[in-house]
1. Given R₀ = 51 Å, FRET efficiency for Arg189-His327 by Cβ-Cβ distance, to 0.05?
2. Could you tell me which helices of the chain pass both thresholds, a Cα extent of 18 Å or more along their own axis and a mean Kyte-Doolittle hydropathy of at least -0.5, with helices taken as whole DSSP H runs?
3. Ignoring ligands, DNA and RNA, how do Arg251, Arg200, Arg267 rank by accessible area with a 1.4 Å probe, largest first?
4. In whole percent, and with a 1.4 Å probe on the protein chains, what portion of the accessible area of the chain is carbon and sulfur?
5. Averaging sequence separations of C-alpha pairs under 8 Å and six or more residues apart, then dividing by the length of the chain, give the relative contact order as a whole percent.
6. Quick check for you: with a 1.4 Å probe and neighbouring chains kept, what is the accessible area per residue of the stretch 176-258, in Å²?
7. Classify the stretch 177-237 as rounded, prolate or oblate, taking a ≥ b ≥ c as the square roots of the eigenvalues of its Cα gyration tensor: rounded when a/c is under 1.5, otherwise prolate if a/b is larger than b/c and oblate if not.
8. Label-point separation (nm) for Trp318 and Ala96, each offset 7 Å from Cα along Cα-to-Cβ?
Amino acid sequence: MAEAMGETGNPSSVHGPGRVARQRLEEARRQVAAATGVRSDDVVFTSGGTEANQLALAQAMGRPVVVSAIEHSSILDAVPQAGRAPVTRDGMLDLAELERLLVEARPALVSVMLASNETGVIQPVAEAAALAHAHGALVHVDAVQGLGKLAVAPEWLGADLVSLSAHKIGGPPGIGALLMRPGFALTARQVGGGQEQFRRGGTENLPGIVGFGVAAGRLGTDDWPAIAALRGTLEAGLREASPTSIVTGTRAPRLPNLISLVTPGLRAETQLMALDLDGIAVSAGAACSSGRMTASHVLKAMGLDQDAECAIRISLGWSTTPDDIAHLLEVWRRFRQRTSARIGTLR
Ligand code: PLP
């Protein structure tokens, strides 16, 4: 990325520096394509998962769209309430309800995430895609959280379009991609200089794209079983110190690195601040953008209305060590000793 930043060429220019930039761009495209199992031609770089999602939704051309109720806000905020398919208490898309909506709303496009960014619950994407296609709708999958952990190729998922974001795999923020099934004729949402084969206008963010390519090239090197084992130790310890706490989505298949923990009576910000004081960075249930914390729409959709403001999300990754887990558990035990008495009084 530093090398690319130091170069001045624009991939659209035909002079020498431009050709160097073009080579870097196409090499990164090959890396992303190879890591995800698609053809290079079927990778369109975007400014991130948000833009990839918006580009996918635009393929409905203004006609109705149906999405799951637990999608990321970059999908949800673009779709009216009536187009949201509910999830079960385990946080999985309710396929019967999806089918009902397909008949009722006759959508042009259905969008379902591969795995929830809050609970880690893996969604029945292939089943949803088959249903949607049977009703004549296009299928988009937001695979931002699944990249590196699950197969994401559109053909594998039965989807037409798949969104990715580099910063979820250790790449830089502000770069992502939309993958297409072979032969999909994508209509640009952002028009301009004809970049990305007229599918996404605007001078390419070459350093970001190079970083995405390198990160994609390293996929498959993380030891997910070891991370899942650490997560298991952490979950057991959290529950032991706080028997009223609930880990959500445990009856469904989940990503190996996320914990969504609800502790009734303890607001998320109280938990966050206490952990932060000890150098532990966790999130509120929702990815509280711009520092605002709102009750998690995901947990509300799962029927956990009352407790949706009491959820924290703990993410593990390649750099998480057994010592990190032990430290978090120790801090959590002390915190719960202090707070359980208070909750008792409040009740
Ligand atoms: N979709 C999901 C499931 C996400 O978790 C995120 C980001 O956290 C996005 C989309 C948005 O991606 P980006 O931040 O690259 O715009």
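1. Computed FRET efficiency for Arg189 and His327 comes out at 0.70.
2. What comes out of the filter, once short or polar helices are dropped, is 224-241.
3. Arg251, Arg267, Arg200
4. 53 percent
5. 18 percent
6. 45 Å²
7. prolate
8. Spacing of the two 7 Å Cα→Cβ label points: 4.3 nm.
The values are calculated or read from the model by the stated rules, or taken from the named source; none is laboratory data. Computed from a predicted structure; not experimentally measured. Please note: Cβ atoms are built from the backbone with ideal geometry, for glycine as well, and neighbour counts cover all protein chains shown. To get the accessible areas, we keep the full protein, side chains included, count just its heavy atoms, and leave off ligands, DNA and RNA. Shrake-Rupley method; radii C 1.70, N 1.55, O 1.52, S 1.80 Å.
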